[in-house]
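Report on one structure; see the data block that follows.
The values are calculated or read from the model by the stated rules, or taken from the named source; none is laboratory data. Because the structure is a prediction, the values reported are computed rather than measured. Methodologically, a virtual Cβ is constructed for each residue, glycine included, from the backbone with ideal geometry; neighbour enumeration extends over all protein chains shown. Keep in mind that these areas ignore ligands, DNA and RNA; they rest on the heavy atoms of the full protein, side chains included. Shrake-Rupley method; radii C 1.70, N 1.55, O 1.52, S 1.80 Å.
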Amino acid sequence: MQARRGQRWYAGSIRVLVFVIGMTCAGIGLLTAAKVERYRVEGRRSGYTYLSEENQRLQDDDFANPGLLWVEQGRELWQQKDATNGMSCASCHGDAVESMRGVRSHYPRFDPARGTLINLEQQINRCRQERMQAEPYPYESGALLALTTFVGFQSRGLPIDVRIDGPAAPFFAAGQAFFLRRRGQLNFACAHCHDRLAGQHLRGDVISQGQSNGFPIYRHTWQTLGSVHRMFAWCNTSVRAEPYAYGADEYVNLELFVAWRGRGLPVETPAVRR
């Protein structure tokens, strides 16, 4: 009799344990689904949604995300007085946590002073030249990537919201035309992969929508951080087309169009990608 009671107690305990584990796994699954859903807006999908769970966890963990190394470097550069007039970024803008909140979301933007479209990297260098009387950082240099990532990090979670009307309209149209134009020996346009084939497999990889809300990104293929213009150039080379120089007007126009394609998606800077 006592043995049977023990068996019933053991069986009941196992059922309870299985139930608790099941409910815990279901809860984790719901939390994961809710987290991923933040990266989808009206059919627009961040590259985050195409990542493996391992890479998603890597991006989410501020202690493991390798892009945070550039954020910390940018934090130091924000305070650094390397200008001839003794000014730093902080001299004008103070605490970046407050002053730079939302800035990343609105670039590229039309600059009335220059009468053209500029991206965040160009705005940083403009400040260095005009306000700090310092030399501009070379495009894709460690310092420019670090400051761009640090500024972008302050807008993490905010939706991409660029202006494409008014004086920005012709630049947007030029970027859209670039996105749709065939190029290279493979005769492919950006739209072929990132509109028509998004979600399909290319060898062992999944083609994403090519959204830019995570840039600058740490890319495993590069084993370092890179700007969206580096990605544009990489794509051009992949279709066997001659890439433009980083910072070229063609790429800044394309950057505006791609940002608009991802409107509403949250800033992820610095994102992790394959």
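Which whole-number percent is the relative contact order of the chain (Cα, under 8 Å, 6+ apart)? The partial results should precede the final answer.
On the way: 417 pairs, mean separation 69.6, N = 274.
This gives 25 percent for the chain.
I'd like to verify something in the chain: which complete DSSP H helices, judged by Cα projection on the helix axis, reach 20 Å or more and average at least -0.5 on the Kyte-Doolittle scale? Membrane-span-like by this rule: 2-37. Accessible surface ranking for 244, 137, 1.4 angstrom probe, highest first: 244, 137. For region 198-255, which whole percent of the accessible surface, found with a 1.4 angstrom probe, sits on carbon and sulfur atoms? Ligands and nucleic acids excluded, carbon and sulfur give 47 percent. Rolling a 1.4 Å probe over the protein heavy atoms gives region 103-152 an accessible area of 38 Å² per residue. Once you order the gyration tensor axes a ≥ b ≥ c over the Cα atoms, which shape class does region 82-151 get: rounded for a/c under 1.5, otherwise prolate or oblate by comparing a/b with b/c? Note, shape of region 82-151 comes out rounded. Cut-off 10 angstrom, C-alpha nodes, Gaussian network model of the chain. Which of 115, 67, 214 fluctuates the most? Answer for the Gaussian network model of the chain: 115. Structural descriptor for region 158-274: relative contact order 41 percent, calculated from alpha carbon pairs under 8 angstrom and at least 6 residues apart.
Using the empirical formula 2.2 N^0.38 Å as the baseline, the Cα radius of gyration of the chain reaches a ratio of 1.24. When only alpha carbons are used to place a centre, region 200-241 and region 93-159 end up 22 Å from one another.
Among the chymotrypsin sites (Phe, Trp or Tyr not before Pro) in region 145-230, which ones are in a DSSP loop with at most 16 other Cβ atoms within 10 Å of the Cβ? Mind listing them? Here the sparse-neighbourhood loop sites are 222.
For residue 91 and residue 163, compute 0.36 nm times the residue count separating them, minus their Cα-Cα distance, and round to one decimal in nm. It would help to have the intermediate numbers written out before the result.
On the way: separation 72, 0.36 × 72 = 25.92 nm, distance 2.84 nm.
Between residue 91 and residue 163, full extension yields an extra 23.1 nm.
Shape class of region 113-245 from the Cα gyration tensor (axes a ≥ b ≥ c, square roots of the eigenvalues): prolate, since a/c reaches 1.5 or more and a/b is larger than b/c.
By the gyration tensor of its Cα atoms, with a ≥ b ≥ c the square roots of the eigenvalues, what is the shape of region 173-249: rounded for a/c under 1.5, prolate for a/b over b/c, or oblate? Rounded, because the longest to shortest axis ratio a/c is under 1.5.
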